[in-house]
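The structure appears right after this line, and notes come after that.
Rule-based calculations on the coordinates, nothing more; no lab input. On a predicted model such as this, the values are computed, not experimentally measured, just so you know. Note that each Cβ is placed from the backbone with ideal geometry, even for glycine, and that neighbours are counted across all protein chains shown.
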Amino acid sequence: MLIESYDIAFEAPECQHPSCDELRAKVAIDTDLTELIPYVNAEKQGRYLPAVPVVTWSEEGRNFALRPHELAVGGLNGREGGVDTVRASVDMLNDIWERRARITPDHNTREAPKILDVYKLLPRTNCKECDLPSCMGFAGELVAGNKKLDDCTPLLEKVNEETRRKLLDMGLK
């Protein structure tokens with residue numbers, strides 16, 4: 001087991017909406033995770049910046065960042081659920097470490113796609129079927145990991161099959 005102990009600090013991010021009760025966790029880890037990061041990059045296909053080093057990814061409406069001595073998790077709803085999410089994330093990291101002999105580490109640099117580049121590929125119908133007022137808003141939420149390609153009904157149509165493939169190739173899900 002790579003990560004045996006850790007300390008969690010919760011903080012409330014500056015939120016523009018007064019009813020925002022979202023938390024983020026910063027998980028301090030004594031073990032150096034530098035060697036783990038390329039394996040996580042291979043599994044999560046996130047945004048990887050080896051010079052820092054950091055890999056970030058989004059999953060189930062939460063944003064994750066893994067650094068050599070820290071795991072940051074955003075989008076948590078409450079401390080109790082946050083502790084459960086952190087525990088599951090640490091278990092996942094330990095699992096990746098245990099399986100590393102069967103994983104090819106990925107050292108490829110990836111950066112988040114630009115919102116405007118995503119917007120240019122969208123159908124731009126502003127249909128609001130994604131529950132957002134515009135396709136530009138959807139592009140922003142898609143890049144942030146808060147929306148999925150399936151949330152855009154026009155992208156599910158056969159006529160937009162090629163567009164959907166291009167967005168998938170950008171690392172969007």
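Assorted remarks:
- Sorted fewest first by neighbouring Cβ atoms within 10 angstrom, Cys127, Cys152 come out as Cys127, Cys152.
- The stretch 67-141: trypsin sites (Lys or Arg not before Pro) in DSSP coil with no more than 13 other Cβ atoms inside 10 Å: Arg99, Lys114, Lys128
- Cα gyration tensor shape for the chain, rounded if a/c is under 1.5, else prolate or oblate: oblate
- Here the relative contact order of the stretch 115-169, from alpha carbon pairs under 8 Å that lie six or more residues apart, stands at 32 percent.
- The relative contact order of the stretch 43-173, computed from alpha carbon pairs under 8 Å that lie at least 6 residues apart in sequence, is 20 percent.
- Added length on full extension, which subtracts the Cα-Cα distance from 0.36 nm per residue, Glu80 to Thr153: 22.8 nm
- Calculated [θ] (222 nm, deg cm²/dmol) that DSSP helices of n ≥ 4 give over the chain, each run adding -39,500 (n - 2.57): -9500 deg cm²/dmol
- Between helix 79-98 and the chain: long-axis angle, C-alpha atoms, 0 to 90°, nearest 10: 80 degrees
- Size of charge dipole - the chain - debye, nearest 20, with Cβ of Lys, Arg +1 and Asp, Glu -1, no other charges: 720 debye
- C-alpha long axis of helix 135-144 to longest principal axis of the chain, angle in °: 10 degrees
- Centroid-to-centroid separation of the stretch 59-122 and the stretch 129-173 [C-alpha atoms, Å]: 20 Å
- Total lysine pairs whose alpha carbons fall under 20 Å of each other in the chain (8 or more apart, or interchain): 27
- With a Förster radius of 41 Å applied to the C-beta separation of Glu11 and Lys120, the computed FRET efficiency comes to 0.70.
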